[in-house]
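**Student:** Can you read through this structure? Questions will come right after.
The values are calculated or read from the model by the stated rules, or taken from the named source; none is laboratory data. Here the structure is a predicted model, which means the values were calculated and not measured. For neighbour counting, all protein chains shown are included, and Cβ atoms are generated from backbone atoms with ideal geometry for every residue, glycine included.
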Amino acid sequence: MKTLYYTASSLDGFIATEDDSIDWLFALGEANEAGYQAFIAGIGAIAMGAATYEWILRHGDEVVAELGARWPYTQPAWIFTHRELPRLEGADIRFVQGDVRPIHEAMPAAAGDKNLWIVGGGDLAGQFYDAGLLDEMFVQVGAVTLGRGKPLFPRRATSPPFRLIGVRQFNEHLVELRYDLRPASP
């Protein structure tokens, strides 16, 4: 079982605009073309930030069009938030806050033998990384720049550098970079 950060980013390192829009991403191709179905089939539990959850709430029609359901996950999800949020009916979600470590300890029981997905945002993934709990990062880099927005990974992580373990091109606008974030074994 691995803990994965799977996301999309502009060339200049943003996962969303300043107002949490990801409209730029939909212009780059279908989620299914970019290997999403194969990825999600290997996921047993999800951790998600409040801004991502709220985006799903605000963009229900787009979520249905792109992924087929208002709440597109069958996996249990832990939503990290400091405020009261509406619950989506039929979704297996748990609202949590604070340190990611106890949540990460609880997730494997729900995931079975599948992986854990840190959906976003970048700061939540960074908290898992800071705690030594993030194994791999999949970044689908789109051929656009945003200039400003929500950063991919708002952390300084220079030593050791991440190890590139995979590259896939999906179309003329989208490439996936896969990194191992664990320290190299001696």
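**Student:** Among (1) at pLDDT 95 or above; (2) loosely packed, with under 13 Cβ neighbours inside 10 Å; (3) among the charged types (D, E, K, R), which single condition is Asp12 missing?
**Tutor:** Going through (1) at pLDDT 95 or above; (2) loosely packed, with under 13 Cβ neighbours inside 10 Å; (3) among the charged types (D, E, K, R) one by one, Asp12 breaks only (2).
**Student:** How many of the residues in the stretch 167-186 are surrounded by 10 or more Cβ atoms within 10 Å (Cβ to Cβ), part of a loop (DSSP other than H, G, I, E, B) and not hydrophobic (A, V, I, L, M, F, W, C)?
**Tutor:** Of the residues in the stretch 167-186, 3 are surrounded by 10 or more Cβ atoms within 10 Å (Cβ to Cβ), part of a loop (DSSP other than H, G, I, E, B) and not hydrophobic (A, V, I, L, M, F, W, C).
**Student:** Specify the residue that is surrounded by the fewest Cβ atoms within 10 Å (Cβ to Cβ); the eligible residues are those in the stretch 51-105 that are among the aromatic types (Phe, Trp, Tyr) and closer than 20 Å to Lys150 by Cα.
**Tutor:** Filtering first and then ranking leaves Trp55.
**Student:** What residue, of Pro160, Pro183, Pro151, Pro86, is touching a strand residue (DSSP E or B) at 6+ places or on another chain (Cβ under 9 Å) and of a type outside the set (A, V, I, L, M, F, W, C)?
**Tutor:** Going through Pro160, Pro183, Pro151, Pro86 in turn, the sole match is Pro151.
**Student:** Could you please tell me which pairs satisfy a Cβ distance under 6 Å, a separation of 6+ or placement on different chains, a first residue in the stretch 88-117 that is of a type in the set (Val, Ile, Thr) and modelled with pLDDT of 95 or more, and a second residue that is assigned to a helix (DSSP H, G or I) and surrounded by 15 or more Cβ atoms within 10 Å (Cβ to Cβ)?
**Tutor:** The qualifying pairs are Val96/Ile103; Val100/Gln127; Val100/Phe128.
**Student:** So which residues in the stretch 136-159 are charged (D, E, K, R) and without any contact (Cβ under 8 Å) to a residue 12 or more places away in the chain, if there are any at all?
**Tutor:** Arg156
**Student:** Let me ask something else about it. Listed residues Leu134, Leu164; which is at pLDDT 95 or above and either under 18 Å from Asp12 (Cα atoms) or crowded, with 17+ Cβ neighbours inside 10 Å (or both)?
**Tutor:** Residue meeting the stated conditions: Leu134.
**Student:** For residues that are of a type in the set (Gly, Ala, Ser), in a loop (DSSP other than H, G, I, E, B) and in contact with an Asp or Glu (Cβ under 8 Å, 6 or more places away or on another chain), tally how many sit in the stretch 64-103.
**Tutor:** 0
**Student:** Next question, about the same structure. Can you tell me how many residues in the stretch 1-27 are among the aliphatic types (A, V, I, L, M) and not in a loop (DSSP other than H, G, I, E, B)?
**Tutor:** 5
**Student:** Answer yes or no: is there a residue in the stretch 139-147 that is among the hydrophobic types (A, V, I, L, M, F, W, C), in a strand (DSSP E or B) and surrounded by 15 or more Cβ atoms within 10 Å (Cβ to Cβ).
**Tutor:** Among the residues of the stretch 139-147, at least one is among the hydrophobic types (A, V, I, L, M, F, W, C), in a strand (DSSP E or B) and surrounded by 15 or more Cβ atoms within 10 Å (Cβ to Cβ), which makes the answer yes.
**Student:** Taking the stretch 28-63 on its own, how many of its residues are closer than 26 Å to Pro86 by Cβ, outside any helix (DSSP H, G or I) and either in contact with a strand residue (DSSP E or B) (Cβ under 8 Å, 6 or more places away or on another chain) or among the β-branched types (Val, Ile, Thr) (or both)?
**Tutor:** Residues in the stretch 28-63 being closer than 26 Å to Pro86 by Cβ, outside any helix (DSSP H, G or I) and either in contact with a strand residue (DSSP E or B) (Cβ under 8 Å, 6 or more places away or on another chain) or among the β-branched types (Val, Ile, Thr) (or both): 7 in total.
**Student:** Please identify the pairs in which a residue from the stretch 160-186 that is free of Cβ contacts under 8 Å to residues at least 12 places away in the same chain has its Cβ atom under 9 Å from the Cβ atom of a residue that is of a type in the set (Lys, Arg), counting only partners at least 6 apart or on another chain.
**Tutor:** Val167/Arg178
**Student:** Test each condition in (1) of a type outside the set (Gly, Ala, Ser); (2) crowded, with 17+ Cβ neighbours inside 10 Å; (3) over 17 Å from Glu176 (Cβ atoms) for Leu28 and report the one that comes out false.
**Tutor:** (3)
**Student:** Ala184 versus (1) modelled with pLDDT under 95; (2) within 24 Å of Ala16 (Cα to Cα): which is the lone unmet condition?
**Tutor:** Only one criterion in (1) modelled with pLDDT under 95; (2) within 24 Å of Ala16 (Cα to Cα) is unmet by Ala184, namely (2).
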